[in-house]
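One structure is given here, and the rest of the page talks about it.
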Ligand code: GLN
């Protein structure tokens, strides 16, 4: 039974079937307390531990936050997210919970402060439900690079949920949390959202503060919400974004925005650009079919489809896999066993301590990227690789600006296929290639989102990707919301029988 059928039957819906918007209202209206809500979700998260969504849960810490929320509700000073449990990708540092970035390097690490995204949501009343599994340092496309455990796709537990925000997507899809945070460097909000049938948005680079996000590739990393509906994403994104100029030098000096205001705007005359490179040979037939059907819905809503070209789409893979490892190799040099993170037990001298700590603390994919990154930045290769990649990155961004002279929003698939089987892509290159449709907009710093658009092979969800021009998040959310009013893909959920009991 879908949540909608449940709601319309007149029965009281389970708390976990409510959207954030509906749950926040129930909390504000005193229909349910923040403590009851937290207890409900904690119990659910624990009962579905086998899905591998969470890396840490701390009941006492969550309940303490929930009690404080109940006090504010009673005092009439509730924020818009008061009492709503939100789980955070384990890339965001948190005072009350450990932060591992999915790595053994940070096992047991506790931050003395909260990431800006976490503290902003807490200021508005959100209660932290726990920390979510992810690929180590957000490097991966299937959550299989987590140093702790894979996360399983609740639609089919023999498949990956996507990555690197895999635990985040599992938590929302399996109704273990009403909403979560994720980060997207090259697709890590959009791709797992697509693979798990939920809605996720990565804002314009610089829109959400990176302060307190464990750094992977600083010129690409962005935070964003993942939830069931575009309406919820609008609420959450408004809570997360805004300038943080003193703490993140790349934070945009643009006032925070209420993304809920334009959700219902008409789509009459909206020009949707379809990049021909996103619909070529590499796209599997089942995904294509779902995307085509969603595009037909847009036509019914008054939008016009126009063919556009993003000619350097293929180059986004080599460009990203030079720039992201280059930045990662620099960012990860701070993990040397001295200040924080894993330190080897035995070593002969300082250099040996560095070497052993890093060899033991990092997993294979992270080491691979540090080596590639160090190589492309080294004397003699910098010009040949890194500089070339930077030049093409600029051209990719220019291609989008050219495209936006012909259309208002760009649409296409998020990924070439539905979620694959665990272990099916053991070759790192096979993972990299599957990022082809999310990398171009990441390199350009543009906002992008994934909206449930249908089901493909094996009954697995397919996400439609929407890409907007800089700071056009509200236009994306508007387009997504209108689609969600016309279709029910976002309401579908994995049948309970498929969940691990
Ligand atoms: N799959 C890409 C990578 O492995 C993107 C990851 C991300 O967005 N964090 O780097």
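Some values worked out for this structure:
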quantity: Near pairs, Cβ below 6 angstrom, 6+ apart or cross-chain, from region 287-314 (farther than 23 Å from residue 417 by Cβ) to any residue that is surrounded by 15 or more Cβ atoms within 10 Å (Cβ to Cβ) and modelled with pLDDT under 95; calculated: none
quantity: Residues being farther than 15 Å from residue 424 by Cβ and more than 13 Å from the ligand (Cβ to nearest atom) - total across region 141-166; calculated: 6
quantity: Condition met for residue 128 (over 19 Å from residue 202 (Cβ atoms), modelled with pLDDT of 95 or more and either within 16 Å of the ligand (Cβ to nearest atom) or not in a loop (DSSP other than H, G, I, E, B) (or both)); calculated: yes
quantity: Flag if residue 197 is within 13 Å of the ligand (Cβ to nearest atom), crowded, with 24+ Cβ neighbours inside 10 Å and modelled with pLDDT of 95 or more; calculated: no
quantity: Any chance residue 80 is assigned to a loop (DSSP other than H, G, I, E, B) and either under 21 Å from residue 155 (Cβ atoms) or touching a residue at least 12 places away in the same chain (Cβ under 8 Å) (or both); calculated: yes
quantity: Residue that is surrounded by fewer than 24 Cβ atoms within 10 Å (Cβ to Cβ) and closer than 20 Å to residue 240 by Cβ, where the choices are 122, 107, 171, 101; calculated: 122
quantity: Subset tally (residues that are under 8 Å from the mean Cα position of the chain (by Cα), over 13 Å from residue 227 (Cα atoms) and either more than 13 Å from the ligand (Cβ to nearest atom) or assigned to a loop (DSSP other than H, G, I, E, B) (or both)) for region 174-191; calculated: 2
quantity: Selection count, region 417-476, where residues are surrounded by fewer than 21 Cβ atoms within 10 Å (Cβ to Cβ), more than 16 Å from the ligand (Cβ to nearest atom) and in a helix (DSSP H, G or I); calculated: 4
quantity: Single condition residue 171 does not satisfy, out of (1) more than 16 Å from the ligand (Cβ to nearest atom); (2) touching a residue at least 24 places away in the same chain (Cβ under 8 Å); (3) in a loop (DSSP other than H, G, I, E, B); calculated: (3)
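Results for (1) under 30 Å from residue 479 (Cβ atoms); (2) more than 29 Å from the chain's Cα centre (by Cα); (3) surrounded by fewer than 18 Cβ atoms within 10 Å (Cβ to Cβ), shown as yes or no for each residue.
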position: 329; (1), (2), (3): no, no, no
position: 333; (1), (2), (3): no, no, yes
position: 340; (1), (2), (3): no, no, yes
position: 361; (1), (2), (3): no, no, no
position: 364; (1), (2), (3): no, no, yes
position: 372; (1), (2), (3): no, no, no
position: 388; (1), (2), (3): no, no, yes
position: 408; (1), (2), (3): yes, no, no
position: 411; (1), (2), (3): yes, no, no
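The values are calculated or read from the model by the stated rules, or taken from the named source; none is laboratory data. Everything numeric here is computed off the predicted structure, so don't read it as measured data. Counting neighbours? That spans all protein chains shown, and the Cβs are built from the backbone with ideal geometry, glycine included.
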